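Only one structure is covered here, and it is reproduced in the block below.
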Amino acid sequence: MGENAELRVGDQVVELPVVVGSEGERAIDISKLRSQTGYITLDPGFANTGSCKSSITFIDGEKGILRYRGIPIEELAEKSSFLEVAYLLIYGRLPTAEDLESFSGSVIHHTMIHEDFKKFFAALPKDAHPMAACSATVGAIATFYPDSLDPRDERHVEVSIHRLIAKLPTLAAYAYKHSIGQPFMYPQNKLDYVGNFLRLMFGNPCEEYEPDPVIRRALDLLFILHADHEQNCSTSTTRLVGSSMVNLFGTISAAINALWGPLHGGANQEVIDMLAAIRDEGMTGRQFVERAKTKDDTSRLMGFGHRVYKNFDPRARIIKKACFDVLNKLGVHSKLLEIAVELEEIALKDDYFVERKLYPNVDFYSGVIYNAIGTPSNMFTALFAIGRLPGWIAQWVELHGDPDFRIGRPRQIYTGPTKASYQTVGER
Ligand code: CMC
């Protein structure tokens, strides 16, 4: 007999089963609450609500632990590669050498975009935000694959997965090329995933392009660190939109939009803009931190704080170290990195941040690396999207295989007017 919770509501007492996860996390299962009592739960921002059971990613926010399929992020960061991590997340296990070769080969062979689709970019203004371009093109590219969009068909799902992982970097790079007026590059199959993306972004048809191994490795690492983060805003979007049984392209297009927001993935662009503003306005780190604490000032210390982590975000630790390594190897001196380090030191000793348990998150240092390798700041969140894509896909696949699958449809407590009569215009 499992553990139960007892809930007294009105003159009723109901027993609610307790569900225990493999790491000992406990949840009260309220799925029968409304049918048994007529009550629903209310949890703005879902801070206390588990929306699913999942075996993909484990986070302990108090201890600062992150694992994909049980494997600590630190080990994956050191030993793995992005496509291997993508495979691990989506298929639930590390690939054999043959699995990885076949997966990588298939992905590389799907990187090209239909010639007609390139015209889509011509309709976008030069200063279109790349996240708008990515979301629009990922949604629109589904029009080329009407025969393989059924989320219940395993073969359709498999080819859509490979197409999406392959084409999102191409679409993101084309959004960038369009913005700077350079020709779109064709993918080159002899390059690996990240090398190919770097060439699509930074190469041009007039010259040979050889990806710099330091930059290639740095980007691969950043993609690994962004690959999944359980039920965050864009992943919950993936699950909610996916639960309507729409195809994978429509789902991922919605997830990209959710990621774009400055409280979520858009924070990486906000961080670099914040660091640049501090530099350009000659503000001190202390002055900015004071501003970020002031309630009537809308500035926050971007790249700080997290709903789940009340300790160091383990990804931020790895990225901070990588930041120093990469900049050192590239011989780049970054004033922005100096400002970031100063802000971190001040905030970590400041009572406001200490009391609220606000630590640097994944977005605090990542932009300094993107910046050092020549990426414009409005592309940062698109890079996050490329990294997060395998996580969204893994969660979508898990949702569709879940025996508890139902369309996502929360309830509400209505607080509007009670029944009222319609008044004609003359009566108003
Ligand atoms: N700077 C200043 N104050 C902050 C910050 C910050 N970065 N983050 C939280 N606070 C304060 C907030 O004002 C509140 O104070 P009080 O209790 O006095 O009202 C308290 O800390 C709790 O904050 P919250 O907004 O209720 O926390 P939340 O869990 O709802 O939000 C968050 C989490 C990440 C949206 C928030 O910390 C934030 O806005 N951070 C800056 C944006 C950012 O870096 N986002 C990236 C998140 S990690 C990667 C990702 O999700 O993509």
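Annotation note: GluC sites (Glu not before Pro) in region 191-237 located in DSSP loop regions with a Cβ neighbour count of at most 15 within 10 Å are Glu207, Glu208.
Below 8 Å, C-alpha to C-alpha, sequence gap of six or more: please give me the relative contact order for the chain in percent. Relative contact order, the chain: 20 percent. Shape class of region 1-45 from the alpha-carbon gyration tensor: oblate, with a/c at 1.5 or above and b/c at least as large as a/b.
For region 376-428, the square roots of the Cα gyration tensor eigenvalues, ordered a ≥ b ≥ c, give a/c of at least 1.5 with a/b no greater than b/c, which places it in the oblate category. Between region 254-291 and region 342-393, how many Å separate their Cα centres? Here the answer is 9 Å between Cα centres. Using Cβ point charges alone (K and R +1, D and E -1), the dipole size of region 288-382 about the Cα centre works out to roughly 340 debye.
State, to one decimal in nm², a quarter of the convex hull surface area for the C-alpha atoms of region 266-367, i.e. the direction-averaged projected area.
Working: hull surface 25.4 nm².
Hull-based average projected area comes out at 6.4 nm².
Using a 10 Å cut-off on Cβ atoms, rank the peptides 67-75, 242-250 from the highest mean neighbour count down.
Values: 67-75: 16.6, 242-250: 19.0.
Descending mean neighbour count gives 242-250, 67-75.
Per residue, the convex hull spanned by the alpha carbons of region 130-257 comes to 121 Å³. For the chain, the mean residue ellipticity at 222 nm estimated from helices alone is -16000 deg cm²/dmol, where every DSSP H run of n ≥ 4 contributes -39500 (n - 2.57) and the total is divided by all residues, rounded to the nearest 500. All distinct Cα pairs of region 60-187 go into the 1/r average, and the inverse of that average, the Kirkwood radius, is 16.7 Å.
Between Val19, Val362, Val194, which gets the highest mean-square fluctuation from a Gaussian network model of the chain, Cα cutoff 10 Å? Of the options given, Val19 has the highest mean-square fluctuation. The overall shape of region 175-214, judged from the alpha-carbon gyration tensor, is prolate: a/c is not under 1.5, and a/b is greater than b/c. For the chain, the residue among Pro17, Asn232, Ser244 whose Cα projects farthest onto the positive side of the dipole built from Cβ charges is Ser244. If the segment from Val14 to Arg26 were pulled out straight at 0.36 nm per residue, it would be longer than the present Cα-Cα gap by 2.5 nm. In terms of packing, defined here as the mean over residues of other Cβ atoms within 10 angstrom, the peptides 81-87, 411-417 line up highest first as 81-87, 411-417. Looking at this model, which pairs from Lys320/Lys349; Lys126/Lys177; Lys167/Lys190; Lys79/Lys357; Lys63/Lys293; Lys79/Lys321 are more than 20 angstrom apart at the alpha-carbon? Check vs 20 Å cut-off fails for Lys79/Lys357; Lys63/Lys293.
Evaluated with a Cβ-only charge set (Lys, Arg +1; Asp, Glu -1), the chain carries a dipole of roughly 740 debye about its Cα centre, given to the nearest 20.
For region 1-121, relative contact order (Cα pairs under 8 Å, six or more residues apart, normalised by length) works out to 10 percent. Taking the square roots of 5 times each eigenvalue of the Cα gyration tensor of region 315-428, largest first, gives ellipsoid semi-axes of 44, 24, 18 Å. For the chain, the convex hull spanned by the alpha carbon atoms encloses 217 Å³ per residue. Across region 193-328 the C-alpha pair distances fall into 10 Å bins from zero in the proportions 10, 27, 34, 23, 6, 0 percent. Sites listed here are trypsin sites (Lys or Arg not before Pro) in region 297-377 whose DSSP assignment is loop and whose Cβ has at most 16 other Cβ atoms within 10 Å: Arg307, Lys310, Arg356, Lys357.
No value in this document is a laboratory result; all are computed from the given coordinates. Quick caveat, the model's predicted, so the values are computed rather than measured. Please note: Cβ atoms are built from the backbone with ideal geometry, for glycine as well, and neighbour counts cover all protein chains shown.
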